[in-house]
Structure formats: structure tokens, C-alpha cells
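Throughout, read-outs are computed from the coordinates displayed, never taken from laboratory work. Given the structure is predicted, the values throughout are model-derived calculations rather than measurements. Here the Cβ positions follow ideal geometry from the backbone for every residue, glycine too, while neighbour counts run over all protein chains shown.
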Amino acid sequence: MALLRYRALTHAGAREAGVVEAATSEAATSLLRARGLIVLDVASSESPAGLFGTRVRSGDLAEFTRALAALLPAGLPLPRALNVARDIAPPSLRAALSDVQARVERGTTFADALAAHPAAFAPSYVGLVRAGERAGNLEGSIARLADAIEGEQQFRARLLTAAIYPVLLAFVGGAAILVLLMVVLPRFGALFVASGSALPTSTALVLALSNTLRSYAAPVVVTLALLSALVIWLATSRDAADTRSRLFLSTPLVSGFYREVLAARTARVIAILLGGGAPFVVALDDAAKSLDDPSAQREVLRIRARVREGTSPAAAVAEGTLFPPVLARLVAAGEESSQLESFFAKAADLFEERAKRSAARFVALAEPALIVAFGLVVGLIALALVQAIYGINITPMRGAR
């Protein structure tokens, strides 16, 4: 038995919300109807209002999708397949899947049932399922969706692996410099003051920087915390999606890489939709709803509008500035050979490979650059200390003469 949150109406039209104990949402619905209520929604009480389900890892989503892709071709009805897939799905998805199954049994489309759990199923996931339902090929769409999720997982894993070392190096190097400036240098500073010797300019500057950091330690910590919170918000919040996209596209060293990533994702989604039997204009419409990046959404909608006006797909893609020009050339080749789906898939593979190479080049340059930068800073601090120590030691010698 579990606690389930419900929203309902009384026969008088008054709204009622609360929690009921039941094994499933369907059982909870029956209990509430027995109490004379008109049930609007039932979901896990652990879910926030309006978001039935918790955020899940892409690996968990891939595992469920692959299981569902294996069950549907076996001839199982969708509600039964969802029931089996829920039992073998990771725990993070089970509460959401129970509600999805209940909604499907009540006659809701699979896509709409998934859309009720935005924290568990991204818009891209729901959009591809909706396209498969519309084309009457849900089994094929689920199988292609599983392949796409696993491919995206591998792509992100490679990028994350490439970024770990530079990020770790930057964190450790920055922490070491802060320890030098705020812990080690003040102790040497007290020694230098006690000696009464005149300090070299480099040492005086380094000590002044150390004293400033120590004097304003609290504001510095607060500023760093706020910057970290801002970075986390930009990286994870859906409300920051447009700001994040514009920032990436306007940053010189990141812009080219991000355009390749967007081109790869967009081409992959369109290829999956075309493979499901959707006409090109419909595929563009569904792709715009499926993409998470607002800039890519706007660009796909622009291409869709131009195609509906009579412009060829290749020409419509070429008019834009978001995607690399290679995409338009590949689309033109697909038009000429009547193999748009195949060439969109080839474009996705090409841009993913280019993005991987760009990430590898960036890491290859970032690692030595960070090592050299931190080495220079530490070297300058060490040089300033050596100069001061040398000055202290040589002063008594001069006095003896």
C-alpha cells in the first residue's frame, strides 16, 4: 500500500484534494469514486504538485525504453507491456509508470500520459512517442527511441569523461593557490615584518593580495557561492534554457562546438521521425516540440515555415545560421536521392563525431594551458618568497662588514 495524492470534485462542484492509501492509482480511483467524488488526478504523494514522478537518470530511462521495445513486438497490449516494464524498471521510474499505465487504461494516449510526468520524461521523449502514435508505428518508434537514448548516453559519457580531468585540475590548482595566499603567505609575512628588512616589490604585492583576500574572506566566499549557484541554475534549470542556449552560442570558444551538438541532435530527431513514416513537414513540427534547446526549436520552426511556403528543405536549412553549412549540403544530397531519412541520420553521425573531436582538441589544449598557468602563479609566489628570504639573510652579512 502507498500514499497517493488525489484531486477531485464533489457532486456539488467543489474542489477537493488530499491523500488516500491504496496499492495503485486505479485502486485509489475506485475508492474515491465509492466516496462520491469525481476523480481528476491520482499520483504518488511524494511527487510535487503537478509533477507526478521524480527526475530520473538517462540510464534508467534507457533501460525502461529498451524493455518496452522488446515487449511490444511480442504482441502484448500497451497497458500489459507497461505493467511488465514497470516491474523490471529501475525504482526511480516505477511510481510514474504506475500512473502512466492507469491513464492509458482510462483511454489517454501514451504520449499524453507520459507528458503528465515532465520530471521523468523529457519533451523530446514525449514528442517522439507522440510521432510514433500518430504514424501508427509505436513499436518502431519505441525501438528507435531506445537506440537514440543509448546513443545520446554514450555521446554524453564521452564528453563528460573528456571534461573531468581539466575540471579537476582547475579545482585542485585553484584550491592550492588559495591555500598559499590565505594560509601559507601570512605566516611568512609575520616573519618578514619581525625581521625589519625592506621587502622586495614582488613580495610586497603578493602579501598585499594575501591580506586583501583574508580581509574580505567572507564576501569572497559568498561571491563564489553565488557564482556556483548561478552556474548550477544555468546548467540545470529549464527556466534558464533560453539564457543557457544564447550564452553558449555567443561564447567564441564554445559556439562552434555547441552548434555541432545542436545539429547532431536535431538531425537525429528528424531522422527518427521520418523513419516512423511522418511526412517531412510533420516531422519538423514534431521535432520542434521534441527538442530541448529553444534556439534549435526556433530554427526548426523557421525551416518548417519556409518548407510550407514551397522552399526546398535544403534551401530552407541553408538560409539559417544556427546549423553548420554541411547540414544543408547533406540535406540536398538526400533530396536528390530521395533518401532524406538516411542522410539526416548520416548528418547526425557526422556532427556527433565532429563534436567528439572538438571536445578532444579542447581538452588537449586545456590541460597543458592549465598546468602552465597554475605553474606560473605558484612559481611567481615562490619567487617572491625566495627574494624576501634572500634579503633577510643577506642583511646581517652586510651589517657585519
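Remarks
- Rounded to whole Hz, the Karplus (6.51, -1.76, 1.60) HN-Hα couplings of segment 259-269, x for glycine and proline: 5, 5, 5, 5, 5, 5, 5, 5, 4, 5, 4
- Among the listed values (i) -0.93, -1.12; (ii) -0.77, -1.06; (iii) -0.85, -1.17, the one computed from these coordinates for log10 I(q)/I(0) by the Debye sum over Cα atoms at q = 0.11, 0.13 Å⁻¹ is (i).
- Between segment 192-253 and segment 281-350, the alpha-carbon center distance in angstrom: 42 Å
- Using the Cβ-Cβ distance between Ala229 and Ala204 with R0 = 30 Å, the FRET efficiency computed as 1/(1 + (r/R0)^6) comes to roughly 0.25.
- Taking the charge dipole of segment 224-300 about its Cα centre, with +1 at Lys and Arg Cβ atoms and -1 at Asp and Glu Cβ atoms, the residue from Pro294, Ala240, Ser255 reaching farthest to the positive side is Ser255.
- Taking the Cα centre of the chain as reference, the dipole from Cβ charges on Lys and Arg (+1) and Asp and Glu (-1) amounts to some 1100 debye.
- Per-pair calculated FRET efficiency, R0 = 35 Å: Thr109 and Ile38 via Cβ, rounded to 0.05: 0.95
- Burial ranking of peptide ranges 259-268, 227-236 (average Cβ count within 10 Å, highest at the top): 259-268, 227-236
- Mean separation of Cα contacts under 8 Å (6+ apart) over length of the chain, as relative contact order %: 15 percent
- Sequence ranges 269-278, 97-106, 316-325, ranked by mean other-Cβ count within 10 angstrom, highest first: 269-278, 97-106, 316-325
- Peptides 28-36, 381-389 ordered by average Cβ neighbours within 10 Å, highest first: 381-389, 28-36
- Among Asp285, Asp349, the ranking by other beta carbons within 10 Å of each residue's beta carbon, starting with the fewest, stands as Asp349, Asp285.
- The label-point distance for Asp147 and Ala241, in a model that sets each label 7 Å from Cα toward Cβ, rounds to 2.6 nm.
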